[in-house]
Each structure stands twice: as structure tokens, then as C-alpha cells.
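Report on the following structure.
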Amino acid sequence: MTKTALVTGAACGIGRACALALADAGFDIALVDLREVEMAATARDIEARGVRTLTFQADVSDFARAHAVVDQIIATWRRLDVLLNNAGAPSPKPIIEISEAEFDRAISVNLKSCFNYIHAAAPIMLGQDTGGRIISISSINALSGGVTSAVSKHAYAAAKAGILGLTRSLAKELGPNVSVNAICPGIIATDLLRDLIGQREAELTAGIAMGRLGKPEDVASIVRYLAVEAHMFMTGQHFVVDGFQWSC
């Protein structure tokens, strides 16, 4: 029996690395992203590993679209074993500059998206004898609130903190057959973030005990463990992947 995984924000960066890691573990992968060209390239790389893909262009803040995506996965593959909520977007404006629409968008893309896809996937997983595993990408900003030098500020931090509350609550609702966990990455050197980091890389690295920025594969290795490990006695937890970022 081939297991299946749904990865949002799968075209690039952390999402791409996680999708490839799950493909290496033998999962068929459904990819969701707005960026069709990049998503198609990731799908080709996954298929080269000998597993199947489905691709969906979608705005993750759209509730109805999330349900349509999951319905199509079930119609095609008849099961959904892992959901990775990875899609997100930065929100750099401080409180005195941000508009209501910009704040709402930050919450919709970073937090409501997780609700949307869990709402669609949870009934499927609960109906399977094997249950399922849900993993959501939060941020260390959820724990620290971010700092004044952080790229994203209060709206992003609030949304990512909301993921941790959602994770803890749903672990109780969906257990014991469905595990729900979150990952809090620190500064990860994705192509998107690389432009925002710019000339500050040395400054940021100086505040990380491991002496480097994170890589998408650092997050993907934890995702793979949470998705694959048979003896996994953890739910309702968050896992910090930041190289011990004590200052920035």
C-alpha cells in the first residue's frame, strides 16, 4: 500500500525540500501552490524518484478550494496519510503602518490555511484504519514574538502562534489515531528569504549557536521523521529547528 502526502506551499523552499524528502520515503505527493512553473519543476523531480504526483494551483486561504483539493486526492488515490501545512507569507509592516486588509491577509495565509486543509483532511484520516499525521509549519516568532530586526512582525507572529494553539487543541480532538504536531523553524535560507536577508547574513548568523543559517533540508528531516517513524509517541508538540537562535 502506497501512502500519500499533501504538501501546501510545495513549489519552492521548505515545502519543496519536504515534498522531496517524503517522496524519498515512498509517498505519492500532492502539491499545492500558486506558482505553477516552480510547482511543475518540483513535481518532475518527485516523479523522477518513482512516485506519483498531483498538482493543484490554489490560494491556501480559500476554504472551498482546500476541500476541492482534498476531494480530488481522495477520488484519485483513495487515501490521505500525511498533511503538511507549509504555505505561508511574510508580513513585514509594523502596527502603525499595516492596514486591516494586510493584517487579515497575514492571518488568512499563515493560520486560516492550516484550518482549511485540516478541516478537509481530518474526516478522511479519522475514517482510515491507519489514521493520519498532520504537521504544520509555525515559526520561532510564535515563541519570541519576533524581534525588532525580524523580517516579519506582529501579524506573522500572531498567526504562527495561532498554529501552536491549533496544534495542541486538535491533538486532543483527533487523537489517538491522528497525530498533530508543529515545527518552529528559525532563519532558513530559502531562495525567497535570501533576498530579504541580503547583506545581514553575517549579523544573523552571529546570533545562532550552530554558526549558520538553516537549510530547507534541516526542516525536511524533522517532517520526514514525524510522517514516517513507526514508534512516534508524540502529538500536540512543537519542534524548534533554529540552530539555537539566541540573538538576532
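Can you name every residue in the range 179-207 that is closer than 15 Å to G13 by Cβ, more than 14 Å from the chain's Cα centre (by Cα) and not in a loop (DSSP other than H, G, I, E, B)? Working first, answer last.
Looking only at the range 179-207, we keep the residues that are closer than 15 Å to G13 by Cβ, and these are 183, 185-197.
From what is left, the residues that are more than 14 Å from the chain's Cα centre (by Cα) are 187, 189, 191-197.
Matches in the range 179-207: D191, L192, L193, R194, D195, L196, I197.
Return the total of residues in the range 137-191 being more than 22 Å from G214 (Cβ to Cβ) and in contact with a Pro (Cβ under 8 Å, 6 or more places away or on another chain). Steps first, please.
Taking the range 137-191 as the starting set, the residues that turn out to be more than 22 Å from G214 (Cβ to Cβ) are 154-155, 158, 162, 165-166, 168-180.
Then drop every residue that is not in contact with a Pro (Cβ under 8 Å, 6 or more places away or on another chain), which leaves 154.
Residues flagged as more than 22 Å from G214 (Cβ to Cβ) and in contact with a Pro (Cβ under 8 Å, 6 or more places away or on another chain) within the range 137-191 amount to 1.
Just give me the residues in the range 19-30 being over 16 Å from V69 (Cα atoms) and in contact with a strand residue (DSSP E or B) (Cβ under 6 Å, 6 or more places away or on another chain), in sequence order. Before you say what the answer is, go through the steps one by one.
Looking only at the range 19-30, we keep the residues that are over 16 Å from V69 (Cα atoms), and these are 19-27.
Correct list: A19, L22, A23, F27.
In the list A66, A30, A23, which residue meets the criterion of being outside any loop (DSSP other than H, G, I, E, B), closer than 19 Å to I137 by Cα and either without any contact (Cβ under 8 Å) to a residue 12 or more places away in the chain or touching a Lys or Arg at 6+ places or on another chain (Cβ under 7 Å) (or both)? Spell out the reasoning first.
On the way: A66 fails: either without any contact (Cβ under 8 Å) to a residue 12 or more places away in the chain or touching a Lys or Arg at 6+ places or on another chain (Cβ under 7 Å) (or both); A30 fails: either without any contact (Cβ under 8 Å) to a residue 12 or more places away in the chain or touching a Lys or Arg at 6+ places or on another chain (Cβ under 7 Å) (or both).
Exactly one of A66, A30, A23 is outside any loop (DSSP other than H, G, I, E, B), closer than 19 Å to I137 by Cα and either without any contact (Cβ under 8 Å) to a residue 12 or more places away in the chain or touching a Lys or Arg at 6+ places or on another chain (Cβ under 7 Å) (or both), namely A23.
Anything in the range 25-38 that is buried (at least 24 other Cβ atoms within 10 Å of the Cβ) and within 20 Å of N116 (Cα to Cα)? List them, or say none. Spell out how you get there, then give the answer.
Of the range 25-38, the ones buried (at least 24 other Cβ atoms within 10 Å of the Cβ) are 27, 29-33.
I29, A30, L31, V32, D33, listed by residue number.
I'm trying to understand the selection: among the residues of the range 208-248, which are of a type in the set (D, E) and either in a loop (DSSP other than H, G, I, E, B) or at pLDDT below 95 (or both)? So that I can check it myself, show each step before the final result.
Applying the first criterion (of a type in the set (D, E)) to the range 208-248 yields 217-218, 229, 242.
Within the range 208-248, E229, D242 meet the criteria.
Within the range 141-178, can you find the residues that are outside any helix (DSSP H, G or I) and at pLDDT 95 or above?
Pass one, the range 141-178, residues outside any helix (DSSP H, G or I): 145-153, 175-178.
Of everything in the range 141-178, those that are outside any helix (DSSP H, G or I) and at pLDDT 95 or above turn out to be G175, P176, N177, V178.
Hey, among A106, A87, A120, which residue is part of a loop (DSSP other than H, G, I, E, B) and either surrounded by 14 or more Cβ atoms within 10 Å (Cβ to Cβ) or within 17 Å of the chain's Cα centre (by Cα) (or both)? Write out each step before concluding.
Values: A106 fails: part of a loop (DSSP other than H, G, I, E, B); A120 fails: part of a loop (DSSP other than H, G, I, E, B).
Going through A106, A87, A120 in turn, just one is part of a loop (DSSP other than H, G, I, E, B) and either surrounded by 14 or more Cβ atoms within 10 Å (Cβ to Cβ) or within 17 Å of the chain's Cα centre (by Cα) (or both): A87.
Kindly establish whether Q57 is out of contact with any Pro (no Cβ under 6 Å at 6 or more places or on another chain), in contact (Cβ under 8 Å) with a residue 24 or more places away in the chain and either surrounded by 15 or more Cβ atoms within 10 Å (Cβ to Cβ) or not acidic (D, E) (or both).
Values: out of contact with any Pro (no Cβ under 6 Å at 6 or more places or on another chain): yes; in contact (Cβ under 8 Å) with a residue 24 or more places away in the chain: yes; either surrounded by 15 or more Cβ atoms within 10 Å (Cβ to Cβ) or not acidic (D, E) (or both): yes.
Answer is yes for this residue.
Does R133 qualify as being modelled with pLDDT of 95 or more, among the basic types (K, R) and within 30 Å of A75 (Cβ to Cβ)?
Working: modelled with pLDDT of 95 or more: yes; among the basic types (K, R): yes; within 30 Å of A75 (Cβ to Cβ): yes.
In short, yes.
Mind counting the residues in the range 191-223 that are charged (D, E, K, R) and either in contact with a Lys or Arg (Cβ under 8 Å, 6 or more places away or on another chain) or surrounded by 18 or more Cβ atoms within 10 Å (Cβ to Cβ) (or both)?
Step one: list which residues in the range 191-223 are charged (D, E, K, R), which gives 191, 194-195, 200-201, 203, 212, 215, 217-218.
Subsequent filtering for residues that are either in contact with a Lys or Arg (Cβ under 8 Å, 6 or more places away or on another chain) or surrounded by 18 or more Cβ atoms within 10 Å (Cβ to Cβ) (or both) retains 218.
Qualifying residue count for the region: 1.
Yes or no: the range 149-161 includes at least one residue that is touching a residue at least 12 places away in the same chain (Cβ under 8 Å), buried (at least 17 other Cβ atoms within 10 Å of the Cβ) and of a type in the set (V, I, T). So that I can check it myself, show each step before the final result.
Of all residues in the range 149-161, those touching a residue at least 12 places away in the same chain (Cβ under 8 Å) come to 149-161.
Subset that is buried (at least 17 other Cβ atoms within 10 Å of the Cβ): 150, 152-161.
Now drop any that are not of a type in the set (V, I, T), which leaves none.
No, the range 149-161 contains no residue that is touching a residue at least 12 places away in the same chain (Cβ under 8 Å), buried (at least 17 other Cβ atoms within 10 Å of the Cβ) and of a type in the set (V, I, T).
Select, from L6, L22, the only residue that is touching a Phe, Trp or Tyr at 6+ places or on another chain (Cβ under 9 Å), crowded, with 21+ Cβ neighbours inside 10 Å and under 20 Å from D218 (Cα atoms). Please lay out each step first, then the result.
Values: L22 fails: touching a Phe, Trp or Tyr at 6+ places or on another chain (Cβ under 9 Å).
When all the criteria are applied, what remains is L6.
Select from the range 39-54 the residues that are surrounded by fewer than 17 Cβ atoms within 10 Å (Cβ to Cβ) and part of a helix (DSSP H, G or I) and list them in ascending order.
Filtering the range 39-54 for residues surrounded by fewer than 17 Cβ atoms within 10 Å (Cβ to Cβ) gives 40-41, 44-45, 47-50, 52.
Passing the criteria: A40, A41, R44, D45, E47.
The values are calculated or read from the model by the stated rules, or taken from the named source; none is laboratory data. Since this is a predicted model, take the numbers as computed values, not measurements. Please note: Cβ atoms are built from the backbone with ideal geometry, for glycine as well, and neighbour counts cover all protein chains shown.
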